[in-house]
Amino acid sequence: MKNLATIKDIAEKVGVSSATVSRVLNYDSSLSVGESTKKQIFKVAEELSYRKRRKRTPAHRRIAFVHIKTEEEELDDVYYMSIRVGIEERADYHKVELLKYLKGDLDNIVTDIDGIIVVGDTFEEQVEKLKNITPNIVMIDSFYVDDSCDAVLVDFERVSSQVLDFLLDTGHKEIGFLGGTQNFADDQPPIQEKRETFFRRYMEEKGLLDERYVFIEKFNVNAGYRLMKNAIHTLKDDLPTAFYAGNDPLAIGALRALQEENISVPDRVSIIGINDVSISKYIYPSLSTVRIETELMGETAIDLIIERLTNERKIPKKVYIGTKLVIRNSTKNLNSIHANTSQ
């Protein structure tokens, strides 16, 4: 019988050390190696059937995990960090080996895998490329969802309605929006993000949309700070009584800007975010927000692939994760103020 290929065989053929090959094949993000070398290592590994000759048992699945963020970028938006944590913990529970990639590494995904989980915005050409590797694909929180793939999603139209219904019910008519754009990999141009779309649609239906109140940049704390500073200096006394922020980091940055300008929250401006990150309840004032069970999103993605593999399910599933409006101290009921004034 012919001997199985080893890391040493790959190293000799590529002309690098065995340690370098091992770290590349194990997706060591701290390794500084050129992309051409990485591609050559993966190519030789495939030619020598290094991956395919590994012993497989039903208890040992291998799933590619394609993430939109690096771990450093996650620090600006823990939404994606907690999705990753959910995936990793559930994979460990099911004894699944995760092969981690970023969106720009789709060409490097090995073919000897049981499924693929893709986190974040994905477009059709990327999904078609992945479907050539395996039909077992789960898309998490993607703008585009292929009809043949499983998906784990948040109903951001409902989230927007939860926020705006609450603000309107508590007497706010002048409502602003802080958000970011929908960005894609592979040099695709950014487009209007779904939270902004739903905000505009809802407010237009109510006859309350004011373009002066819409501020768009990125989904992070610094952007929230800059956007609110811009709103304050641009609108002055016309600053709306409430803002719907597309995520908690935006809202937290906006709170800092309001405090620096000595604008009282919630007495002058109320603000609501999305996600309910752990710090939201501890900042001052504590942040009203919509809780999204992001870890559950990651866990559900792993469960969907395991279900496909064990039950041979062919019909795709779209799973929407429920959300909950959490009201804290960054919002104020204007109706109660008006009622007290009229008495």
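The values are calculated or read from the model by the stated rules, or taken from the named source; none is laboratory data. In this text, all values refer to a predicted model and were calculated from it rather than measured experimentally. Note that we place each Cβ from the backbone using ideal geometry, even for glycine, and neighbour counts take in every protein chain shown. Please note that ligands, DNA and RNA were not included when accessible areas were found on the heavy atoms of the full protein model with its side chains. Shrake-Rupley method; radii C 1.70, N 1.55, O 1.52, S 1.80 Å.
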Once you charge only the Cβ atoms, +1 for Lys and Arg and -1 for Asp and Glu, what is the size of the charge dipole of the stretch 231-290 about its Cα centre, to the nearest 20 debye? 100 debye
Students often get this wrong, so check it: of K103/K218; K131/K218; K39/K100; K8/K39, which have C-alpha atoms separated by over 21 Å? K131/K218
Given a 1.4 Å probe and heavy atoms of the protein chains only, how would you sort R90, R226, R328, largest accessible area at the top? R226, R90, R328
Listed by chain and number, the residues whose amide H is under 5 Å from that of V214, excluding neighbours fewer than 5 places away on the same chain and using placed H, are F177
Using a simple charge model, +1 on the beta-carbon of Lys and Arg, -1 on the beta-carbon of Asp and Glu, nothing else, what dipole does the chain show about its Cα centre, in debye to the nearest 20? 1060 debye
Counting every Cα pair in the stretch 129-219, what percent are over 18 Å apart? 56 percent
Expressed as a percent, the accessible surface of the chain that is carbon or sulfur, using a 1.4 Å probe and the full set of protein chains, is 48 percent
Table column - 3J(HN,Hα) (Hz), the stretch 238-250, Karplus curve with 6.51, -1.76, 1.60, x for Gly and Pro: 8, 4, x, 7, 8, 10, 9, 9, x, 7, 5, x, 4
Where Y79, Y225 fall by accessible area, highest first, once all protein chains stay in place (1.4 Å): Y225, Y79
Taking amide hydrogens as modeled 1.01 Å from N in the peptide plane, which residues meet the under 5 Å criterion relative to I117, leaving out close sequence neighbours? A64, F65, V66, V138
In Å², nearest 10: area of I327 left accessible to a 1.4 Å probe: 80 Å²
Inter-label distance, nm, simple model (7 Å from Cα along the C-beta direction), N230/V85: 3.1 nm
Pairs from K194/K229; K281/K332; K69/K324; K95/K318; K69/K317 whose Cα-Cα separation, in the structure shown, is over 18 Å: K194/K229; K69/K324; K95/K318; K69/K317
Tell me the per residue accessible area of the stretch 199-257 using a 1.4 Å probe; a whole number in Å² is fine. 44 Å²
Considering amide H positions built from the backbone, and no H for Pro or chain starts, which residues 5 or more places from E174, or on another chain, come under 5 Å of its amide H? T241
Using θ = phi - 60° and the Karplus curve 6.51 cos²θ - 1.76 cosθ + 1.60, what whole-Hz ³J(HN,Hα) does each residue of the stretch 148-165 get, with Gly and Pro shown as x? 8, 9, 6, 8, 10, 9, 10, 7, 5, 5, 5, 4, 4, 5, 4, 5, 6, 4
I need the phi-derived Karplus couplings for the stretch 89-101: 6.51 cos²θ - 1.76 cosθ + 1.60, θ = phi - 60°, integer Hz, Gly and Pro marked x. 5, 6, 5, 5, 4, 8, 6, 9, 8, 9, 9, 9, 9
Taking the Cα of K206, stepping 7 Å toward and past its beta carbon, and measuring to each backbone N in the stretch 253-294: which are under 13 Å? 272
Sorting E217, E12 by accessible area (1.4 Å probe), largest first, what list results? E12, E217
